[in-house]
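Written below as structure tokens is the structure these notes are about.
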Amino acid sequence: MIIVLLGPPGAGKGTQAARIMEAQGLVQLSTGDMLRAAVAAGTEVGIKAKEFMAAGKLVTDEIVIGIIADRIEEDDCRDGFLLDGFPRTVAQAQALDKLLNDKDRKLDVVIEMKVDDESLVDRITGRYICAECKQGYHDTNLKPQKADVCDGCGSTNFTRRADDNRETVTARLATYHAQTAPLLPFYAAQGVLRTVDGMADINAVAVEINDVLSRL
Ligand code: AP5
Ligand code: MG
Ligand code: ZN
């Protein structure tokens, strides 16, 4: 199965991707995570991407399409994969169609996670992750079971993303509406778009996504 999770910053793409991965045994391909790793490692891609990310703008289509083109050729993507944060422009969506077409593959579904802009700022400014295993948390919505100890690995070391501040979030939202929202009519026209209520609580969203997948 090939799935795209589409939604604004903070919609819950990463949160739900982790659950879909577990339930469906699919690998998660997050261009945001890959770019952050490239920035941290100081690679050529990372050096190019850093300023765009800090400003809440999109990294060039050329860079992200290149990353995805290479990644989906790997063995663990043979039976399918879950895209989180890609495509994000119509040009990226067209490039993905072509990459898949060339291999006689196709997208099964694009799941739009719909959330009000006002909630997104709170979700993002409250977000933090475990520095060791990267499990995600939120100051009020999703705390570790034991205060300040990661449920996943027991670490007490947590970190926040450099772009998770109020100014950058506003820019990321504007970027989403201008450049990514046009993918909604693009995929609706292909008949693969399904929309879930991303305002519901995390477990309810997971149930709705499961429902969509089971009806494919
Ligand atoms: P990326 O890493 O993709 O960031 P994003 O799209 O801004 O999305 P986020 O990761 O912030 O949000 P999410 O939807 O994953 O939400 P999460 O599950 O964490 O991209 C970062 C940057 O990289 C971009 O700005 C761009 O520069 C570059 N980039 C990446 N891909 C690119 C591409 N294809 N082309 C060009 N540039 C690219 O949830 C957020 C918080 O809310 C968490 O704390 C969570 O616990 C909480 N939460 C989740 N669901 C719920 C719920 N239902 N109710 C309450 N709280 C919830
Ligand atoms: Mg994410
Ligand atoms: Zn951890």
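Quick note: the coordinates plus some simple rules give every number you see, no bench work behind them. All values derive from a computational prediction rather than experimental measurement. So basically every Cβ, Gly included, is an ideal-geometry build from the backbone, and we count neighbours across all protein chains shown.
In debye, nearest 20: dipole of the chain around its Cα centre with unit charges on the Cβ of K, R (+) and D, E (-)?
Once rounded to the nearest 20, the dipole reads 200 debye.
Give me the percent of DSSP beta bridges within the chain that run antiparallel, rounded to the nearest 5.
Close to 30 percent.
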*Report, by chain and number, residues whose modeled amide H sits under 5 Å from the one on residue 128, excluding near sequence neighbours (fewer than 5 apart, same chain).*
137, 138, 139
*asked:* Whole-Hz ³J(HN,Hα) for each residue in segment 123-129, computed from phi via Karplus 6.51 cos²θ - 1.76 cosθ + 1.60 with θ = phi - 60°, x for glycine and proline: what do you get?
replied: 4, 7, 6, x, 7, 8, 10
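Ranking request for peptides 71-81, 205-215: highest mean number of other beta-carbon atoms within 10 Å first, then the rest in descending order.
205-215, 71-81
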*If contacts are Cα pairs under 8 angstrom and at least 6 residues apart, what is the relative contact order of segment 82-181 in percent?*
26 percent
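With +1 on each Lys and Arg Cβ and -1 on each Asp and Glu Cβ, how big is the dipole of segment 79-172 about its Cα centre, in debye rounded to the nearest 20? Could you put the intermediate results ahead of the total?
Values: 15 positive and 18 negative charges, 33 e Å.
Dipole of segment 79-172, to the nearest 20 debye: 160 debye.
Give me Rg/Rg_expected for segment 95-216, where Rg uses Cα atoms only and Rg_expected = 2.2 N^0.38 Å with N residues.
On the way: Rg = 17.5 Å, N = 122, 2.2 N^0.38 = 13.7 Å.
Relative to the rule-of-thumb radius for its length, segment 95-216 sits at 1.28.
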*Using a basic spin-label model with each label point 7 Å from the Cα along Cα→Cβ, how many nm lie between residue 73 and residue 161?*
2.8 nm
*Please compute P(r) over all alpha-carbon pairs of segment 65-129, binned at 5 Å starting from zero, and give each bin as a whole-number percent.*
3, 12, 22, 21, 12, 12, 11, 5, 1
_Ordering of 31-38, 3-10 by packing [mean C-beta count within 10 Å, highest first]_ = 3-10, 31-38
_Let's test this: bin the Cα-Cα distances of segment 24-160 at 5 Å from zero up to the farthest pair and state each bin's percent._
2, 8, 15, 17, 19, 18, 13, 6, 2, 0
*Provide the per-residue ³J(HN,Hα) series for segment 175-183, in order, calculated from phi with Karplus coefficients 6.51, -1.76, 1.60 and θ = phi - 60°, each as a whole number of Hz, with x at glycine and proline positions.*
4, 4, 5, 6, 10, 9, 4, x, 6
*Just name one of 99, 149, 68: the one whose Cα is farthest towards the positive end of the charge dipole of segment 31-190 (beta-carbon charges, Lys/Arg +1, Asp/Glu -1).*
149
*asked:* Per-residue counts of other Cβ atoms within 10 Å, averaged by peptide: what ranking do you get for 99-107, 48-56, 12-20, highest first?
replied: 12-20, 48-56, 99-107
*Unit charges at the beta carbon, dipole of the chain: most positive-side option, 210, 109, 86*: 86
*asked:* With unit charges on the beta carbons (Lys and Arg positive, Asp and Glu negative) and the dipole taken about the Cα centre of the chain, which residue among 188, 35, 3 sits farthest to the positive side?
replied: 35
_Whole-Å semi-axes of segment 1-52's equivalent ellipsoid (Cα gyration tensor)_ = 25, 13, 9
